[in-house]
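J.: I am attaching a structure below and will ask some questions about it afterwards.
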Amino acid sequence: MEGARGEGTRWSGPGGLRVAAVRLAGAHRVWASFAGVPPGVQAAFLVTDGGAFVGRGYYTSVEELAEVVDLAALKPG
């Protein structure tokens, strides 16, 4: 997830669902801290639907992400 603006770092799903791989710095670090992401974690998946967090919003592994998102329904972009 380093260089979080590279190709393949964003996906979309049904409706307004969006998943992005983000570096946890600045505002992302603050929001992730509120979501319970430990301070040592440097990157996470951010999940939104219509601009609102899905669940806690930030997920640190594909396994955690799969608990709230149907990964098969995601498309690049």
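The values are calculated or read from the model by the stated rules, or taken from the named source; none is laboratory data. Worth saying up front: this structure is predicted, and the values here are computed from it rather than measured. Glycine gets a Cβ as well: all are built from the backbone with ideal geometry, and neighbour counts include every protein chain shown.
J.: How about the chain: which strands (runs of 3 or more DSSP E) wholly inside it have at least 1 residues that are modelled with pLDDT of 95 or more and in contact with a Phe, Trp or Tyr (Cβ under 8 Å, 6 or more places away or on another chain)?
T.: Result: 17-23, 43-49, 52-59.
J.: In addition: Pairs, please: C-beta under 7 Å, at least 6 apart or cross-chain, first residue of a type in the set (S, T, N, Q) and in region 47-60, second in a strand (DSSP E or B) and at pLDDT 95 or above?
T.: Short answer, once both residue conditions are applied: Thr48/Arg18; Thr48/Val54; Thr60/Ala44.
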